[in-house]
Amino acid sequence: MKGLGSFIVGNGNKFTLFYKAEGTHVGFSFSEIVVISGEITSSGVKNWHNALMSLTSDNPNSFTKGQAALYKDGDGLAERIK
């Protein structure tokens, strides 16, 4: 997978990252827009959210063009790995 340009915006410790990704997964080509947001804390990323929207996909068992998904951390904190 490769990222094709990105933008980071935010204020203080709060951020949103936008990027376009292209690559292959299990032998199928894809391209998607990815958005990640949250707030950096000493414990990790608070209110971590990750959204993606499919632009193209050759995989019949995956997202089709225009489909999207939103993921978030279950307890609201993506903890740092030590």
- Query: Pick from the range 66-78 the residues that are in a strand (DSSP E or B) and not aromatic (Phe, Trp, Tyr): which of them is farthest from residue 41 (Cα to Cα)?
  - Reply: 68
- Query: Checking residue 81 against (1) surrounded by 11 or more Cβ atoms within 10 Å (Cβ to Cβ); (2) hydrophobic (A, V, I, L, M, F, W, C); (3) outside any strand (DSSP E or B), which test does it fail?
  - Reply: (1)
- Message: I need a count of the residues in the range 35-65 that are closer than 17 Å to residue 10 by Cα, part of a strand (DSSP E or B) and not aliphatic (A, V, I, L, M).
- Response: 9
- Do you know which of the residues in the range 42-78 that are hydroxyl-bearing (Ser, Thr, Tyr) and more than 10 Å from residue 32 (Cα to Cα) is surrounded by the fewest Cβ atoms within 10 Å (Cβ to Cβ)? 42
- Message: So, residue 20, is that one basic (Lys, Arg), assigned to a strand (DSSP E or B) and closer than 22 Å to residue 5 by Cα or not?
- Response: yes
- Message: Looking at the structure I just gave you, is residue 10 assigned to a strand (DSSP E or B), surrounded by 13 or more Cβ atoms within 10 Å (Cβ to Cβ), under 15 Å from the mean Cα position of the chain (by Cα) and modelled with pLDDT of 90 or more?
- Response: no
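The values are calculated or read from the model by the stated rules, or taken from the named source; none is laboratory data. Predicted, not measured: the structure shown is a model, and the values here were computed from it. Every residue, glycine among them, receives a Cβ derived from its backbone with ideal geometry; neighbour counts consider all protein chains shown.
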